[in-house]
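Here the structure is laid out as structure tokens; the discussion comes afterwards.
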């Protein structure tokens, strides 16, 4: 596979995670959405699967690799994931989620630019 | 910024509608999967753009950054459809049909567990795959020169990473996860050792770079192995030919900037 294909794969993953986090963030910041919201549950389970464990789904493995690559594994994502699933969300979870959203968006946009350049 | 997002989303909505009209009617069933994927994607993009334009929450001033990010993602998705998938459909030729039928035969022969992706001779950059679009792009003249045909097996393997929750893919994906986890754990240990003060400081940076690379590298290794087990030594020869004729330094390791592909020599070692 040429570099453009690998970048396209990476881009697709980054894009999916970035979209998910932004959607949850939007609702959480507005006090909207609920703990039974499907997207919120999806993000919560990804965050909770970032710690060491024997088995985890493919999505979570990639998500963990993305966090590692951006040196974001020093945050207690498991706790933030759990917080998304309880009523009365702690406002402290918003800041790290925003930081993660910005990091993913920066990476997504870098990857998009690299795809453009390698196609030129 | 609010006015800009309003106007830009309207223009992109127009563009999406126009792109839908560029998908030719009467295409052969060989390409139906790509046709459906394009139309589904266009619908998703249109839904996102409508949200950017009129969602009450997104329109609040404190959510401007979120709104702009949503607009940018929709724009890029639309660009990608236009530059790649819709161009393939718009310029579909008999040569593409022939390549597709050949790819389908190859996939059946190895009992490939998924529907064969569409293969198009529209690549500007050797073989590459867009697994989410179920599309493999190969060079225009590839149908007449079979030396690199075994690379098609490598591309097929990339699709095996694109889907979850399919029991037929579990063995492949779980093996990859195990290898990736083992490599990551090893490199994390090396990183800790390098950070303990007994190694040159540059080592820490190098290992951190390799740690970032491993997820993508291990995917490439697994696709190489899939191709090797499917096509036999022909794949290793094709890889050798590619590296020798158009590769850079076969042993070059990235030290500061992560790469998507492992060094050619390491891939050759895996193949032999």
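Any read-out appearing in this document is the output of simple, stated calculations on the displayed coordinates, not a laboratory observation. These numbers were taken from a predicted model, which means no experiment stands behind them.
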So what is the calculated 222 nm ellipticity per residue for chain A, using -39500 (n - 2.57) for each DSSP H run with n of 4 or more, over all residues, to the nearest 500 deg cm²/dmol? -23000 deg cm²/dmol
On a 0 to 90° scale, report how tilted helix A:94-119 is relative to the longest principal axis of chain A, with both axes built from alpha carbons and the result rounded to the nearest 10. 10 degrees
Angle in degrees between helix A:3-29 and the longest Cα principal axis of chain A, rounded to the nearest 10: 20 degrees
For the range B:94-159, what is the Kirkwood estimate of the hydrodynamic radius, computed as the reciprocal of the mean inverse distance between distinct Cα atoms, to one decimal in Å? 11.6 Å
Spatial extent of chain B: Rg and Dmax, with the Cα atoms as the point set, Å: 22.0, 68
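Would you kindly give the portion of the calculated P(r) for the range B:24-175 that falls above 19 Å, as a percent of all Cα pairs? Don't skip to the end; give the middle numbers.
On the way: 6840 of 11476 pairs.
For the range B:24-175, the share of Cα pairs beyond 19 Å comes to 60 percent.
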Could you work out how far helix A:38-48 tilts from the main Cα principal axis of chain A, as a 0 to 90 degree angle to the nearest 10? 80 degrees
Cα-based radius of gyration of the range B:41-103 once divided by 2.2 N^0.38 Å, which approximates compact folds: 1.62
Rounded to whole angstroms and listed largest first, the alpha-carbon spread of the range A:3-119 along its three principal axes comes to 48, 35, 24
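Eigenvalues of the Cα gyration tensor times 5, then square-rooted: what semi-axes does that give for the protein assembly as shown, in whole angstrom, largest first? The partial results should precede the final answer.
Numbers: eigenvalues 231, 180, 68 Å².
Working from the Cα gyration tensor, I get semi-axes of 34, 30, 18 Å.
Using helices alone, what [θ] at 222 nm do you get for chain B, with -39,500 (n - 2.57) per DSSP H run of 4 or more residues, divided over all residues and rounded to the nearest 500? Spell out each step's value before the answer.
Values: 10 runs with 170 residues, N = 272.
Dividing the helical sum by the residues of chain B leaves -21000 deg cm²/dmol.
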